[in-house]
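Have a look at the structure below, then the notes.
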């Protein structure tokens, strides 16, 4: 009998594996002054973009409590201290159910997510004033998780819910997408545009 939970690593693997498509989206363009430039989402840069907003440190306890997670339960999924960083992501335990909420910031975009062949069930959703995207991992056979991405000036934010595997019998009939949309809506006003 399995008693594992949908771990933050599973969430990160799903989101990050899907972003491997960036390797297909990003390509080499002609060199500039003898130095090759990289195009990411059609914007030439002279290096890898780095996400500036860090939900692991920039989200206040007030924001976390507003979305009913326990600030003391923070677990870092990915938050490199230096170098090009395209993802920053942490997870917290919910106070109102047997699940975790992961919040990530990325330089990747919703358009890149739509091209991700590891996720499925795309639905457009409204998250406050933002037009977001809801989806699930194709490999999540038990439908324990759901994702909502919303645009940001740097790329996108991702809010996901991962239901504890041992509590899957108590999962509502539908996957936890409504729950994910609720958390995304509760957090939206705390996130930079």
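Given R₀ = 22 Å, FRET efficiency for residue 96-residue 142 by Cβ-Cβ distance, to 0.05? Mind showing how you got there, number by number?
Working: r = 21 Å, r/R0 = 0.94.
Computed FRET efficiency for residue 96 and residue 142 comes out at 0.60.
Tell me, what is the FRET efficiency for residue 66 and residue 111 to the nearest 0.05, using R0 = 35 angstrom and their Cβ-Cβ distance as r? Present the calculation step by step, with values, prior to reporting the outcome.
Values: r = 29 Å, r/R0 = 0.84.
According to the calculation, E is roughly 0.75.
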What length, rounded to one decimal in nm, is gained on full extension from residue 122 through to residue 48, with 0.36 nm per residue of separation minus their alpha-carbon distance? 23.9 nm
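Working from the alpha-carbon coordinates of the stretch 70-169, get Rg over Rh, Rh being the Kirkwood radius. Working shown, then result.
Numbers: Rg = 14.0 Å, Rh = 14.5 Å.
Rg/Rh for the stretch 70-169 comes to 0.97.
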Of every Cα-Cα pair in the stretch 59-124, the percentage lying beyond 13 Å is 70 percent
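Here, each number is a calculation from the coordinates, and none is a lab measurement. Since we're looking at a predicted model, the values are computed, not measured. Note: ideal-geometry Cβ built from the backbone for every residue, glycine included; neighbour counts use all protein chains shown.
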